[in-house]
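Report on the following structure.
The values are calculated or read from the model by the stated rules, or taken from the named source; none is laboratory data. Quick caveat: nothing in here was measured; it's all calculated off a predicted structure. Reconstructed Cβ throughout: ideal geometry from the backbone, glycine too, with neighbour counts over all protein chains shown.
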Amino acid sequence: MRLGILVEIFLIAASPVVELRLALPLAILAYQIPWPIAFLVSFLGNLLPVPFLLLFLNPLIRFLSRISIFERAINRLFERTRRRGAIINRYERIGLILLVAIPYPGTGAWTGSIVAFLFGLKFKSAFLSITLGVFIAGVIVTILSLLGYWVVH
């Protein structure tokens, strides 16, 4: 197992949209990394952007909103995120955990961070909820990846 492959898995897990939902199956099925290592690297990679998003999303959005093309894109992104965040209105922290934990496209740590920002959740509460959601998603994706591994082999 090369360090470069672990860095690749870490960066894939940190990236928006695919997050650990791609990083874990890739690590387990394609690179045949033992699942505990794959899980840890993907989990940590998926959490990497969360504190930065929670802390700096507000000033970044204010800055980018001054540019018309970014303003339109931000408004579309936030509108879509608000629709997905309806569960947050109803269940707050539990809703945020569920939103992040469901391994479905358009959910995850990035979306959870944006939703937490939009609904004004405090940093500590949001970070803990997102961390738990990423952990649950990681468990689900690891199990599915291992099932796929056993079917293939």
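Matching residues to (1) within 19 Å of L77 (Cβ to Cβ); (2) crowded, with 17+ Cβ neighbours inside 10 Å:
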position: L24; (1), (2): no, yes
position: L29; (1), (2): no, no
position: Q32; (1), (2): no, no
position: I37; (1), (2): no, no
position: L40; (1), (2): no, no
position: L44; (1), (2): no, no
position: L54; (1), (2): yes, yes
position: R62; (1), (2): yes, no
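Looking at the stretch 24-52, which of its residues are within 18 Å of F135 (Cα to Cα) and in contact with a Ser or Thr (Cβ under 7 Å, 6 or more places away or on another chain)?
Taking the stretch 24-52 and keeping what is within 18 Å of F135 (Cα to Cα), we get 24-28, 34-51.
Matches in the stretch 24-52: L24, P25, A27, I28, W35, F39, L47, V50.
For the stretch 91-115, what are the residues that are under 15 Å from A14 (Cα atoms) and of a type in the set (F, W, Y)?
Once the filter is applied, which keeps residues that are under 15 Å from A14 (Cα atoms) and of a type in the set (F, W, Y), the stretch 91-115 yields only W110.
Before we move on, is L146 touching a residue at least 24 places away in the same chain (Cβ under 8 Å) and either basic (K, R) or not in a helix (DSSP H, G or I) (or both)?
Values: touching a residue at least 24 places away in the same chain (Cβ under 8 Å): yes; either basic (K, R) or not in a helix (DSSP H, G or I) (or both): no.
No; evaluated as a whole, the condition is false for this residue.
Return a yes/no flag: does the stretch 75-90 have any residue that is over 15 Å from T111 (Cβ atoms) and either surrounded by 13 or more Cβ atoms within 10 Å (Cβ to Cβ) or among the aromatic types (F, W, Y) (or both).
no
Hey, V17 hits all of (1) at pLDDT 95 or above; (2) in a loop (DSSP other than H, G, I, E, B); (3) among the hydrophobic types (A, V, I, L, M, F, W, C); (4) under 16 Å from the mean Cα position of the chain (by Cα) but one; which does it fall short on?
So the condition that V17 fails would be (1).
Which numbered condition trips up G133, out of (1) free of Cβ contacts under 8 Å to residues at least 60 places away in the same chain; (2) in contact with a helix residue (DSSP H, G or I) (Cβ under 6 Å, 6 or more places away or on another chain); (3) not aromatic (F, W, Y); (4) not in a helix (DSSP H, G or I)?
Tallying (1) free of Cβ contacts under 8 Å to residues at least 60 places away in the same chain; (2) in contact with a helix residue (DSSP H, G or I) (Cβ under 6 Å, 6 or more places away or on another chain); (3) not aromatic (F, W, Y); (4) not in a helix (DSSP H, G or I), G133 fails exactly one: (4).
Take G120 and decide whether it is without any contact (Cβ under 8 Å) to a residue 40 or more places away in the chain, outside any helix (DSSP H, G or I) and under 22 Å from L48 (Cα atoms). Break it down into steps so the answer makes sense when it comes.
Values: without any contact (Cβ under 8 Å) to a residue 40 or more places away in the chain: yes; outside any helix (DSSP H, G or I): yes; under 22 Å from L48 (Cα atoms): yes.
When the stated conditions are applied, G120 passes them.
With respect to the numbered conditions (1) over 27 Å from L146 (Cα atoms); (2) crowded, with 16+ Cβ neighbours inside 10 Å; (3) in contact with a Phe, Trp or Tyr (Cβ under 8 Å, 6 or more places away or on another chain), which one is the sole condition not fulfilled by S113?
(3)
Being at pLDDT below 90 and assigned to a loop (DSSP other than H, G, I, E, B) is the filter here, so list the residues in the stretch 80-116 that pass it.
G85, E92, P103, Y104, P105, G106, T107
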